[in-house]
Amino acid sequence: MTTETKKEMRTIWYFVGWMLLVVGVIIFLTGIYYLISPARPETVLQNLHPDIWWGAIMLVVGILFLFFDNKMTQKNLRQNG
Amino acid sequence: MEEIGLTFIDWLIILIYFVFVLGIGFYLKRYTENDEDFFLAGRKNSSWVAGLAFLSANLGALELLGMTGNTFKYGMYVAHFYWIGAIPAMLFLAIYMMPFYYSSRIKSIPGYLKLRFDEKTRVLNGIAFAFMTVLVSGINLYAMALVLHTFLGWNWDVSMWASAATVAVYVTLSGLMSAIFTEIIQFFLIWFGLFLVTVLGIVEIGSLQEIFNRIPEAYSSLWSTSTDPSENGMMVTWAGIVLGLGFVLSFGYWTTDFLVVQRAFSAKDLRSARMAPVIASFFKMALPFIVIIGGLIALVLSQDANSGFALLRDGDKINYDSALPMLIARYYPTGLVGLGVTALLAGFMAGQAGNISAFNTVWTYDIYHSVIKRDASSAHLLWMGRVATVGGILLSVVTAYWAKSMPTIMDYMQAIFSWVNAPLFATMLLGMFVRWITPNGAFWGLLAGMGSSFGMFLAVKFDWIDKSLITMSEVASDMAANFWRAWWAWLICFVLTIVISLFTKKRSEKELVGLVKGLTEETVGKPVPLMKKPEFWGIISLVILVVLNVYFW
C-alpha cells in the first residue's frame, strides 16, 4: 500500500512490523520466564530454548519493518512537500 | 485423543491477532470511498504487496495441513504442486497474459470474457465461479472448525461463527484492501509460526540429508520413479503430472482463477502487476521447506519406535492431516504454540476473506451489474459489494453445516477446480492468442468442457465407466484421476471451441484491439533497468525451478 494518498494511509509493513514486534516480545519474555522457572512444560529440544531465540528474531524483524517503513514514509512526505 | 493444551499466553497471542485484523478493517474503512477501492483496493499496490497477496490468497491452512499430510502419504511427489504445478503457470501469467488483463482495465476474469466474447460467456463463468467460491469457502470453514475441534477441543459452532463473523466485519468494512492486508499478515505468521517446525525437525534428526537417507526412494524422489505408476506413492506417471497438473490444472488455476488474479489486478501499474506473480513464484518454490520437509520429518519420526511420535488415528484410518499439528505439539513450548495455532487460524481466515472478496466482486460486477441492474452507480455497487460480502459469508456458513453432515465432500475439493478452471483455461488461451475464435465457439466449448469434467467425475464415482479409461493406466490414485480428468476437460473445450468457431460468426478485428495477441500494440512503458524487468526475474525463477527438479530428481 502506498502512503501517497491524500490521507496518508499507513502501509501494510507498518502493521506487519507491529504484529511481529508484539508477538515476538511475548514469546521472548515467556521463554525467559521459563528459563528461570522450574515448572516448564516438557517439549522435545526444549534445552535449545527455541522460544527465546525465535521470539528475539521476530522482535528484531518487527523493529526492522517499523524502521524502514518510517524511513520510507518520511521520504514520501518530503517528496510530496 | 489428547488435545493441544493452550495456556493464557497462547490465548493472548490469538487475541492479539483478532484485535489486529479487526482494527485494520476499521482503520481502512475511511480509505474505501468507491467501488474501485472496495473491489480492487484502489489499484495502488506495489508489486511486493500484490505479489505476497497473490501467493497468500492460495496459502490456506487447509493446504498447509493437507499438503504436509499428503507428503507423509505420497512423499516428495507432493512438491510437484509447488514447483512444476505452479511456477510455469505463474510466469506465463506474468509475462504473456497480464498485459491483456491489466491493459483492458477489467475488474474481473468474467469481465474479460465479456469484452473478448459476449455477455452469455461472462455470465456462465460468473455463475460457475460464484458457485465454486461459495462451495470452497464453506468447505474451508467446515475444515477449520474440524481442525480446531480435533486438535484444540474448541466448540464447532463457536469456531465457525466467530471466524465467519470476524471475516465478515473486516471485508464488509474495506473489501479487497483489508483482505490483502490480512493475507500479508498471514503470510508472515505462517513463516514465523511454522518454519520453526522444520528447523527443529532437522536439528532432531541430524541433517536434511539424514532425512532423505531414512526414507524409501519412492518417497524421496521427484521424477525417477515416474515412468511406472506402481513405483511411486501417488500412482501417477510423468505424463499425468506434466499434462494434468503441470499444464491444465496449474495454468487453469494460476492464470484464470479470479481469487488469485484479483490480487495482481490491484497493482498500481502494469509493471507491478506483471512483477506480482514473479515475486510470488520465489516464495511458492520455498514453501516445500515447510510443508514437504515437515511431512518427511513426520514420516521419519513415525518410523522410529524410540521417537514416541505417531499420527492420530480415526478408528483404523490414519489422520494424515494431523502431521503438522503433532509436530507443533512435539516441539513448541508455551507462546510458540499460540503462534503456531494463530498461523493456522490466520491461514483459514485469510483464505475465507480471499474467497469472499473474489465472490463479492464477481457477484456485483458480473451478475448483479451485468444482468440485474445495469445502471447502478458506483455508490450503489459499493453498497451491493458489502451486501454480497455478508450474503456470501452466510452462504458459506450454510455450506459448512452441509459439509459437516456430509464429510466426504472434503475429498472433492480438487475435483471442483477441474470442473471450472480446467476448461476455462482453454477458453482464455484461445481467446487471447487466436483472433478468429468466436463468441459462440467460446460459450459452447466452455459449457461442454465444464459438463464433460463433471460428467467424468460422476461416471467414475458411480462406476458407470472404469477409471482406467480416463487415466490410461490400470493403477491410479484419485489424485491421478483428477489430473487426467482436468486434461480431458481442457482438451474437449479446446477442440470444440475451435471447431464451433470455424462455423460461427466472428467479431470484427476492430472490436478485439487490446484483447488479443497480434491486434494489440506492445505496451512500451518508460525504459526500466534490467533488474526491474519481470522477464529477467522470470528467467531467474525458471532456473531455480530447473535446479530444484534436477537436485531432487
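Observations on the model:
- Solvent exposure, largest accessible area first (probe 1.4 Å, DNA, RNA and ligands not counted), of B:Tyr332, B:Tyr551: B:Tyr551, B:Tyr332
- Gyration tensor verdict on the protein assembly as shown (Cα atoms; rounded if a/c is under 1.5, prolate if a/b is larger than b/c, oblate otherwise): oblate
- Note on A:45-56: average number of Cβ atoms from other chains within 10 Å of each residue's Cβ is 4.
- Checked against a 32 Å cut-off, the cross-linked pairs B:Lys107/B:Lys533; B:Lys73/B:Lys120; B:Lys373/B:Lys506; B:Lys120/B:Lys284 give Cα-Cα distances beyond that limit for B:Lys73/B:Lys120; B:Lys120/B:Lys284.
- B:Ser230 versus B:Leu15: modelled label distance in nm, points set 7 Å from Cα along the beta carbon direction: 6.0 nm
- For region B:81-126, applying the loop criterion from DSSP together with a ceiling of 15 other beta carbons within 10 Å to the trypsin sites (Lys or Arg not before Pro) yields B:Arg105.
- If the segment from B:Tyr551 to B:Glu119 were pulled out straight at 0.36 nm per residue, it would be longer than the present Cα-Cα gap by 150.7 nm.
- Calculated FRET value between B:Val199 and B:Ser405, using beta carbons and R₀ = 41 Å, to 0.05: 0.50
- Taken per residue, the accessible surface of region B:132-182 reaches 22 Å², heavy atoms only and a 1.4 Å probe.
- Normalising the average separation of contacting C-alpha pairs (under 8 angstrom, six or more residues apart) by the number of residues puts the relative contact order of chain B at 29 percent.
- Averaged over B:49-59, number of beta-carbon atoms from partner chains that fall within 10 Å: 1
- Among the chymotrypsin sites (Phe, Trp or Tyr not before Pro) in region B:193-240, none is located in a DSSP loop while being surrounded by at most 14 other Cβ atoms within 10 Å of its own Cβ.
- Cα-projected label distance for B:Lys505 with A:Leu77, points at 7 Å along beta-carbon direction, nm: 6.1 nm
- For the protein assembly as shown, calculated [θ]222 nm from helices alone, where every DSSP H run of n ≥ 4 adds -39500 (n - 2.57): -22000 deg cm²/dmol
- To the nearest ten degrees, helix A:50-79 and the longest principal axis of the Cα atoms of chain A are 10 degrees apart.
- For the chain pair A and B, the buried solvent-accessible surface (1.4 Å probe, both sides summed) amounts to about 3400 Å².
- Qualifying GluC sites (Glu not before Pro) in region B:108-212, where qualification requires a DSSP coil assignment and no more than 13 other C-beta atoms within 10 Å, are lacking entirely.
- For B:Ile470, the solvent-accessible surface with a 1.4 Å probe is about 10 Å², rounded to the nearest 10.
- The long axis of helix A:12-36 is offset from the longest Cα principal axis of chain A by roughly 20 degrees.
- Anisotropy class of region B:169-311 from Cα gyration tensor, a/c 1.5 cut: oblate
- Reachable aspartates and glutamates, given that their alpha-carbon falls under 17 Å from the alpha-carbon of B:Lys532 and they are not under 8 places away in the same chain: B:Asp269
- Listed residues B:Ser137, B:Ser207, B:Ser230 arranged by accessible area, highest first, probe 1.4 Å: B:Ser230, B:Ser207, B:Ser137
- For region B:133-189: relative contact order, % (alpha-carbon pairs under 8 angstrom, 6 or more apart): 20 percent
- The apolar share of the surface of the protein assembly as shown, taken as the fraction of accessible area on carbon and sulfur atoms (1.4 Å probe, ligands and nucleic acids excluded), comes to 66 percent.
- Computed label-point distance, nm, for sites B:Ile127 and B:Leu394 using a 7 Å Cα→Cβ extension: 2.2 nm
- Vicinal HN-Hα couplings computed from phi for region B:220-226 (Karplus, 6.51 cos²θ - 1.76 cosθ + 1.60; Hz; Gly/Pro x): 9, 10, 9, 10, 5, 10, 8
- For region B:47-86, the residues whose backbone nitrogen is under 17 Å from a point 7 Å from the Cα of B:Ile215, taken along Cα to Cβ, are B:64-84.
- Anisotropy class of region B:302-365 from Cα gyration tensor, a/c 1.5 cut: oblate
- DSSP H segments from chain B that extend 24 Å or more along their own axis, Cα-based, with Kyte-Doolittle mean of 1.0 or above: B:8-29, B:119-152, B:156-205, B:336-361, B:413-433, B:478-503, B:534-551
- Sequence-distant contacts, meaning Cα pairs under 8 Å at least 6 residues apart, place the relative contact order of region B:56-143 at 18 percent.
- Applying 0.36 nm per residue to the separation of B:Phe26 and B:Phe536 and subtracting their alpha-carbon distance, the gain on full extension is 179.7 nm.
The values are calculated or read from the model by the stated rules, or taken from the named source; none is laboratory data. It should be emphasised that the depicted structure is a prediction, and the values quoted were computed from it without experimental measurement. Here Cβ is always computed from backbone atoms with ideal geometry, including for glycine, and neighbour counts include all displayed protein chains. These area figures cover heavy atoms from the full protein model, side chains too; ligands, DNA and RNA do not enter into them. Shrake-Rupley method; radii C 1.70, N 1.55, O 1.52, S 1.80 Å.
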